[in-house]
2 protein chains.
Amino acid sequence: MPRLPRQPPAWWRFSHIGNSANIAVPSRSRSLSFRSGKGSGRGPAPTTGRPGLSFSSLRGTTQPELSRRLFKLIKSENNLVTAHETAGRERIFIATQLSEWGEQTGDDAVSDLSDKVGVILSELGEQEEAYAHALDDSRAVLKAIRNTEKSVQPSRDNKAKITDDIHRLKTKEPQSAKLVVLEQELIRAEAENLVAEAQLTNMTRQKLKEAYDAEFLATIERAEKQIILAKHGRRLLNLLDDSPVVPGDTRAAYEHGGQARQILNDAEDDLRDWRPSSEPLGAEEVSSPTKTTSKEESLQEPLQEEPATESAAEAAGALPGEEGTRTTEVAG
Amino acid sequence: MPRLPRQPPAWWRFSHIGNSANIAVPSRSRSLSFRSGKGSGRGPAPTTGRPGLSFSSLRGTTQPELSRRLFKLIKSENNLVTAHETAGRERIFIATQLSEWGEQTGDDAVSDLSDKVGVILSELGEQEEAYAHALDDSRAVLKAIRNTEKSVQPSRDNKAKITDDIHRLKTKEPQSAKLVVLEQELIRAEAENLVAEAQLTNMTRQKLKEAYDAEFLATIERAEKQIILAKHGRRLLNLLDDSPVVPGDTRAAYEHGGQARQILNDAEDDLRDWRPSSEPLGAEEVSSPTKTTSKEESLQEPLQEEPATESAAEAAGALPGEEGTRTTEVAG
């Protein structure tokens, strides 16, 4: 029975990568690839099933090989989320401290403007916290890939095991009747694995795209809102007359309370009126290297995903693949 | 001898704020002031000289009253800096992990694009780290205010002490010859204090403005650069064909390596070509509440500071203050 050409099993390639000598110390030079020199600085995952023990990685070591890298990445994403949450909270706390400090200076201008700058800082902190939540959502999407990797591992292992059994039996007893049974098992295992690998590649591509598109959109949103806030913050600071006084002189009275209040209103309005940019990324755009247009465009909606249309596996054999009609780019 | 009208000593107002009952739990409602309801959640600093002991605040408790709030704020800024540094580092680490994971999937498109998305993420991390450094610089500027507050405290204490001595002596021995000496001391102390207070208010306004203007400028820079990176990141993701495959089908070969490389080049070029926005904030702009213009403007240079022109104190008496000629706004 003819068999489909198969890709080398992924774990075989994995072990080669793991033993490769070209994982270097991270450098800060701007390169176009991580694999041309940057490395994680942490060693590659062990290629045998025998991991080193450490409390922080005990759960990781019970992960199958296939899902181990993503498991660790998801853990790192958690640290990233926590860092941004902390930054947000600290900023909000600082805002209050600034306001209270300003009030006790006894200087009307400093008192009023430090309070209002504090409001701006507090909003910056809220944006940071919202960003942390968005990163966490993106992290959850990556988990779908990891879970699928984890569930596909047994299917790969099974296929490999039966293949080994067949080889061993062919060497020892080439005429054994058991070979026929094993070969039937192998076909079933391959069919199951075919479906599993298709599910894995579909899930991987869809969720990778979804997770990082969401992360980039959240980055853009935080940035645009923080630009709004920071610009109004600078307008507030511009109301602060920092020309030095001669000892004994009284300063001119502070008369910008109304303007300051208005600036905060402006900031609040601008934030409320913020909308994601709405220009979709067209297919023709992707191919042209025009930089100016690329600066202007961005997607309002997340990149579109076509609905999954996985059909049931054909257990008895393989169907010839359909070629040529699938588009290679997703139009925004 | 006529004395200048004096502001109530700042620590007197400080104690009132400290004992006020209106420091509430922080609320998330968007208010235009911290003093209308938001509070720090942490108790006010003690108003006597006797602080509570705790290891984390031992150094803070040796600060004079005047500089204590700013001392704590500067400490919080340090936590903020650390959080952003951590976020930057984690992001760079995740970038490497993503690239390594993508390579071991055995999927050409995922392998190439995860590597290049990793480059984008790594640059996002670098921006975050640069932001942390800028926040640290801003924090250093605030220290100048705190140090001046700390150095002015003795001058205030001295003036208060002599004033108390005079009152006590007047009650006990109204005819004492020592009164004349004390009153001369008081005049000298007041003169010194006059200079100190002028130095403090000048330093406070200048450095407050400088520190937070730098912080807002850094926020805008990080945001604008991260928008550039995130938009190119989305272009990369758009090259990933996530239309599902039927089990048994081979995917169309990945043909976007060149485009992906070009996108990274675009990103690198756009980052390199980034410049701060160059429109100064004019005086007339500050007074008009036009929101659309306010969205567009931003300052290229830090807000201008007029050179300090503090003249020496007049020890023998006070000069009448000069009014009217000082502008109340600094033109950008």
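The values are calculated or read from the model by the stated rules, or taken from the named source; none is laboratory data. Bear in mind that the values here come from a model prediction, so they are computed numbers and not experimental data. All Cβ positions, glycine included, derive from the backbone under ideal geometry; neighbour counts span all protein chains shown. Just the protein is used for accessible areas: all its heavy atoms, side chains included, with ligands, DNA and RNA removed. Shrake-Rupley method; radii C 1.70, N 1.55, O 1.52, S 1.80 Å.
Points to keep in mind about this one:
- Annotation for the range B:227-242: no member residue is more than 45 Å from the chain's Cα centre (by Cα), more than 8 Å from chain A (Cβ to nearest Cβ) and not polar (S, T, N, Q).
- Filtered residues of the range A:118-131 (kept if acidic (Asp, Glu) and open to solvent by 10 Å² or more (accessible area, probe 1.4 Å)): A:Glu123, A:Glu126, A:Glu129
- Residues within the range B:258-268 that are facing chain A (nearest Cβ under 7 Å) and open to solvent by 30 Å² or more (accessible area, probe 1.4 Å), tallied: 4
- Complete set of residues in the range B:69-126 that are within 7 Å of chain A (Cβ to nearest Cβ) and acidic (Asp, Glu): B:Glu77, B:Glu90, B:Glu100, B:Glu103, B:Asp107, B:Asp115
- Hits in the range B:182-201 - residues which are within 13 Å of B:Arg146 (Cα to Cα) and of a type outside the set (A, V, I, L, M, F, W, C): B:Gln199, B:Thr201
- Within the range A:141-153, tally of residues that are open to solvent by less than 10 Å² (accessible area, probe 1.4 Å) and within 19 Å of A:Val195 (Cβ to Cβ): 3
- Checklist (1) at the interface with chain B (Cβ under 7 Å from one of its Cβ atoms); (2) under 22 Å from B:Leu124 (Cβ atoms) applied to A:Glu215, failing item: (1)
- Residue under evaluation A:Gln206, criteria (1) at the interface with chain B (Cβ under 7 Å from one of its Cβ atoms); (2) in contact (Cβ under 8 Å) with a residue 40 or more places away in the chain; (3) buried (at least 21 other Cβ atoms within 10 Å of the Cβ), criterion not met: (3)
- Residue match in the range A:132-140 (condition: in contact with a Pro (Cβ under 6 Å, 6 or more places away or on another chain), in contact (Cβ under 8 Å) with a residue 40 or more places away in the chain and open to solvent by less than 10 Å² (accessible area, probe 1.4 Å)): no
- Meets criteria (modelled with pLDDT of 95 or more and farther than 30 Å from B:Ala134 by Cα) for B:Arg261: yes
- Filter result for A:Glu215 (at pLDDT below 95, buried (at least 20 other Cβ atoms within 10 Å of the Cβ) and assigned to a helix (DSSP H, G or I)): no
- Hey, B:Ala198 more than 10 Å from chain A (Cβ to nearest Cβ) and either surrounded by fewer than 22 Cβ atoms within 10 Å (Cβ to Cβ) or within 30 Å of B:Thr82 (Cβ to Cβ) (or both) or not: no
- B:His167 being surrounded by fewer than 16 Cβ atoms within 10 Å (Cβ to Cβ), within 17 Å of B:Lys225 (Cβ to Cβ) and in the same structural domain as B:Ile227 (by TED's automatic domain parsing): no
- So A:Arg272, is it open to solvent by less than 10 Å² (accessible area, probe 1.4 Å) and in the same structural domain as A:Ser114 (by TED's automatic domain parsing): no
- For the range B:239-257, a tally of residues being aromatic (Phe, Trp, Tyr) and open to solvent by less than 20 Å² (accessible area, probe 1.4 Å) returns 0.
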